[in-house]
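Following: one structure in structure tokens, then a few remarks.
The values are calculated or read from the model by the stated rules, or taken from the named source; none is laboratory data. Since this is a predicted model, take the numbers as computed values, not measurements. Neighbour counts run over all protein chains shown; Cβ positions are idealised from the backbone, glycine included.
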Amino acid sequence: MPNWLIAFVKIIDAVNYRIGRLSMYLLFVLSGVLLWSIIAKAFGRPPLWTQEMAQFTMVSYFVMGGAYSLQLGANVRMDLLYGRWSPRKRAAVDAVTVFAMIFFLGVILWGGIESTAYAFEIGERSRSVWRPYLAPVKIIICLGVFLMILQSIAFLIRDIALARGEEF
């Protein structure tokens, strides 16, 4: 493998690792928002923003941690035959099937970018009483999907090297 491909994979892995580790702390933000909601309701002043803020925080946690989850192999995989194959055969099959994942994520990213552009054009807001702008959460979704695509490309490069018998 060329050195620039190895550097690319290492950079993508490092970026997704750091962002994934950082996004773990969004659970504390989510807990704080929900705790505030509970305390405010107990005193008879339920805030209008807590439910949607909790949803936005959960979406951010889920999407921004997606590439990190892929990196750790925490995704669900059908292991009927896969577990019996040699690492080299697994890499060859993964190098082919990763294109389905990249295509799927690409379609999601394309739709997400169009939806984000639309949200900016019209100043799209939620239909709730709080009425927050939706563009920020749509940007986060697009960024998270883009990071998953980059991680999938890094997997593809790694799988091609392994299928060719090269250590990465």
Quiz prompt | So LYS41, is it surrounded by fewer than 13 Cβ atoms within 10 Å (Cβ to Cβ), out of contact with any His (no Cβ under 6 Å at 6 or more places or on another chain) and assigned to a helix (DSSP H, G or I) | solution = yes
Practice problem: Kindly indicate whether any position in region 110-131 is within 17 Å of the chain's Cα centre (by Cα) and either surrounded by 17 or more Cβ atoms within 10 Å (Cβ to Cβ) or on the phi > 0 side of the Ramachandran plot (or both). | Solution: yes
Quiz item: When you go through SER128, SER152 one by one, which is the residue that is under 18 Å from VAL59 (Cα atoms), in contact (Cβ under 8 Å) with a residue 24 or more places away in the chain, in contact with a Leu (Cβ under 8 Å, 6 or more places away or on another chain) and of a type in the set (Ser, Thr, Tyr)?
Solution: SER128
Practice problem: Name the residue, out of ALA54, ALA67, ALA14, that is in a helix (DSSP H, G or I), in contact (Cβ under 8 Å) with a residue 40 or more places away in the chain and among the hydrophobic types (A, V, I, L, M, F, W, C). | Solution: ALA67
Quiz item: Hey, ILE113 hits all of (1) within 21 Å of TYR61 (Cβ to Cβ); (2) modelled with pLDDT of 95 or more; (3) in contact with a helix residue (DSSP H, G or I) (Cβ under 7 Å, 6 or more places away or on another chain) but one; which does it fall short on?
Solution: (1)
Quiz prompt | In region 151-167, the residues that are under 15 Å from the mean Cα position of the chain (by Cα) and surrounded by fewer than 19 Cβ atoms within 10 Å (Cβ to Cβ) | solution = ILE153
Exercise. Would you mind stating whether TRP85 is more than 24 Å from TYR17 (Cβ to Cβ), at pLDDT 95 or above and surrounded by fewer than 19 Cβ atoms within 10 Å (Cβ to Cβ)?
Key: no
Self-check item: ASP79, sole failed condition from (1) in a helix (DSSP H, G or I); (2) more than 18 Å from the chain's Cα centre (by Cα)
Solution: (1)
Quiz item: Can you find even one residue in region 122-142 that is acidic (Asp, Glu), more than 27 Å from ILE6 (Cα to Cα), modelled with pLDDT of 95 or more and not in a loop (DSSP other than H, G, I, E, B)?
Solution: no
Quiz item: Looking at GLY106, is it in contact (Cβ under 8 Å) with a residue 40 or more places away in the chain, over 26 Å from MET24 (Cβ atoms), under 20 Å from the mean Cα position of the chain (by Cα) and not in a loop (DSSP other than H, G, I, E, B)?
Solution: yes
Quiz prompt | Residue tally, condition among the basic types (Lys, Arg) and not in a helix (DSSP H, G or I), over region 145-168 | solution = 1
